[in-house]
Structure formats: C-alpha cells, structure tokens
Amino acid sequence: MTNSFSKKLALAAVGTVVAFSACEKSDRPGYDKSESGLYTKFYNHDENGVKPKEGDMVRVSLVVKTEKDSILTDSKDPKFNRPGLSYYEFPLMKSEFGGSFEEAIASMSVGDSASFLVSVDSMYRGKDLPPFLKKGEMLTYETKLQKITAKEEVEKEQKKKMEEHNVEMAMRKDEEMKILSKFLEDNKITTKSTPSGLIFIEKTKGKGPHPKPGDKVKVNYTLSFVDGKVLETTLAEDAKKGGIYDDKRPYAPAEFTLGQLIKGMEEGMSMMSAGSKARLIIPSEIGYGEGGGAMPPYSTLIFDVELISFGPGDGAPAASAE
C-alpha cells in the first residue's frame with residue numbers, strides 16, 4: 001500500500017482523473033480492467049456526474065480487504081476510525097502509480113458505489129511487502145463516494161478558520177496579561193520580572209553553585225495555573241489539596257535534565273542553588289505559548305519548586321545543600 005494511505009490504513013490519499021473508456025479484457029470475473037491496471041466493478045454509476053479534481057476534498061465510506069477477506073480498514077468500524085464517524089475524508093492529489101485506489105476515486109461521481117481491485121505489487125514497487133501480504137495479491141476496496149468539496153471551497157474555509165484562530169489567539173494573549181496583572185495585584189507581588197518576563201520569587205536561599213544546561217536536577221515541585229488549579233506535583237499533600245491525588249502513583253522527587261524544559265523553568269532553576277525553594281511565575285511567552293493538548297492557549301503557570309540537588313547529566317545528582 002502507499003505510504004500515505006495503505007501502509008497506515010488511514011486516508012491521506014490523493015488522486016487524478018483517469019479515462020475508463022479504454023478497457024482491456026479482464027481476468028477477474030465481473031470487473032472491467034483499465035489500461036492502467038485498475039479493476040472496477042460499479043454497483044451504481046453516474047457517468048455524467050461531476051468527478052473530483054486534484055485538491056478537492058472527498059468523503060467516502062470504505063472497506064479494504066485482502067484476498068483472504070481479512071479486513072484492513074473499515075470506515076464504519078470504531079476500531080479503524082474516530083468514534084461517531086462512518087466515513088473517511090481526505091484531499092485528492094496526484095496518484096502515485098497507475099491502477100491505484102486514488103485513480104478509482106477520481107472516476108466516481110457523488111452517490112457512486114463500486115468495488116476496485118488494486119495490485120499490492122504496484123503499491124510496494126521496489127519495497128518489501130508487509131508480512132500479511134504476498135506478491136501478486138490484489139486488495140479489494142469497497143467504497144461509496146458521499147461528498148465532493150471543491151478545492152476552492154476548501155481553501156476558502158481553511159483561510160477563514162485561520163483568520164478566526166488568529167483573532168481568538170490575539171484575544172487570549174491579551175486576556176492573559178490582564179489575568180496576570182490581577183494575580184500580581186491580588187497577591188501583592190511587586191518583584192520585578194527578568195528581561196524574558198519570568199518572575200522569580202526566592203523563598204529559601206540555597207548554597208553553592210547554580211545548575212547549568214545538561215545537568216540533571218532533582219526537585220520537588222507543584223505546577224499550577226494562576227487560578228490555583230494544580231496540574232501536577234511530586235508532593236502528596238499538594239495533590240490532595242489540588243484534588244488530583246492518585247494513590248496508585250508514588251509521590252517522590254523528580255529528576256529532569258536542564259535543556260529539555262520550557263524556557264521559564266530552565267531560567268528559574270538556573271538561578272537556584274541546592275536547597276533553594278522558589279516560586280516561578282511563567283508567562284506563556286516562555287511557557288507553552290498557544291498551548292496544545294490539555295494545556296490551554298496563553299496560560300501563565302506557577303511553578304513552586306525545591307531544588308534538592310543536581311549534578312552532571314550522565315550521573316546521579318551530586319551538588320546538594322548538605
């Protein structure tokens with residue numbers, strides 16, 4: 001199968017328009033064979049209907065099977081698709097080889113349903129076949145074309161979404177500064193920020209040198225938002241207070257290598273010595289920025305940390321307050 005679709009059994013597939021008027025004699029009963037080597041059996045077919053063009057977005061229902069009827073993907077099966085969806089949707093682009101599934105889609109009109117046979121030798125030309133396929137085998141693609149969205153409409157919608165995203169991000173960034181200012185005012189914090197924007201509040205002074213990039217640090221910490229919501233912690237007491245306690249996990253100091261953390265944490269910990277305790281107020285600009293995953297965009301973080309010890313990255317932490 002192709003790198004974009006068949007090998008991953010997911011649709012990022014692409015296609016090109018193919019003329020099916022010229023057909024060879026087929027050695028597969030019930031199927032017509034095109035000059036490119038694609039086998040086609042239409043169940044419903046509107047020859048005069050609009051066909052998808054390169055760059056159009058197509059929506060299909062699809063089942064792919066081996067010659068032994070092993071199912072490789074099924075758009076209606078949650079095991080192969082996102083819950084609640086019964087179709088795959090992907091942009092059409094240029095076919096990677098003659099007789100491909102992409103060619104097949106390019107021959108269809110909305111509402112058409114068909115079965116296509118595609119050679120695995122063509123899919124994997126010059127590459128080793130996966131163990132579940134054998135040379136000379138044909139895969140069966142049972143598909144129905146549900147929808148075509150023109151490339152121009154897709155680009156227009158993408159542009160609109162990007163503009164809306166940029167506006168929302170600008171608003172969130174502006175809101176972050178207002179929330180941070182109120183937090184500092186409410187907590188009577190007057191500590192000047194560093195040039196990067198980090199606010200470093202030392203609570204307990206340590207002894208000795210500061211860790212540098214590449215050092216492994218051993219710390220206790222609690223990471224939270226300015227509203228007090230705890231994200232994670234190494235301390236059982238803070239986990240219980242924050243409502244995230246998990247009796248299945250151990251609560252013990254963590255080890256990190258400097259150079260692999262967000263900028264605000266890196267900068268703050270480089271200002272500490274073994275035995276130091278500090279609160280780092282980290283704006284998103286030196287944190288997670290627009291965020292991602294569980295991290296909301298433009299979130300200021302509070303990092304309460306105790307640097308227990310540190311040392312070379314390839315060994316156990318050595319410098320300590322003792």
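Read the figures in this text as sums done on the coordinates, not as results from a lab. Since the structure is predicted, the reported quantities are computational estimates derived from the model, not experimental observations. Reconstructed Cβ throughout: ideal geometry from the backbone, glycine too, with neighbour counts over all protein chains shown.
Numerical summary
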item: Whole-number percent relative contact order across the chain, with pairs defined as alpha carbons under 8 Å at least 6 apart; result: 15 percent
item: Segment 51-198 - charge dipole about Cα centre, Lys and Arg +1 at Cβ, Asp and Glu -1, debye rounded to 20; result: 280 debye
item: Summed side-chain charge close to I199 - residues other than I199 whose Cβ falls under 12 Å, Lys, Arg +1, Asp, Glu -1; result: 0
item: Lysines with Cα under 22 Å of K161, excluding same-chain neighbours fewer than 8 positions away; result: K147, K151, K173
item: Table column - 3J(HN,Hα) (Hz), segment 154-171, Karplus curve with 6.51, -1.76, 1.60, x for Gly and Pro; result: 4, 5, 5, 5, 4, 5, 4, 5, 5, 5, 5, 4, 4, 5, 5, 5, 5, 5
item: Contour excess over end-to-end distance, with Cα ends at E163 and T66 and 0.36 nm allotted per residue; result: 30.5 nm
item: Sum of side-chain charges, N44 neighbourhood, beta-carbon under 13 Å (Lys, Arg +1; Asp, Glu -1); result: -2
item: Inter-site label distance for M177 and D27 at 7 Å from Cα along Cβ, in nm; result: 7.1 nm
item: For the chain, with +1 on Lys and Arg beta carbons and -1 on Asp and Glu, the positive-most of G264, P296, S119 along the dipole; result: G264
item: Cα shape, segment 167-291, gyration tensor, a/c 1.5 rule; result: oblate
item: Whichever lysines have a C-alpha closer than 27 Å to that of K241, once near sequence neighbours (fewer than 8 apart) are set aside; result: K178, K182, K188, K203, K205, K218, K229, K277
item: Cα shape, segment 153-218, gyration tensor, a/c 1.5 rule; result: oblate
item: Inter-label distance for E185 and K53, nm, one decimal - labels placed 7 Å from Cα along Cα-to-Cβ; result: 5.6 nm
item: Those trypsin sites (Lys or Arg not before Pro) in segment 180-262 that DSSP places in a loop and that have at most 14 other beta carbons within 10 Å; result: K188, K192, K205, K229, K248
item: Computed FRET value (nearest 0.05) for E35 with K79, which takes r as the C-beta separation and R₀ as 41 Å; result: 0.65
item: The chain shape via C-alpha gyration tensor axes, a/c threshold 1.5; result: prolate
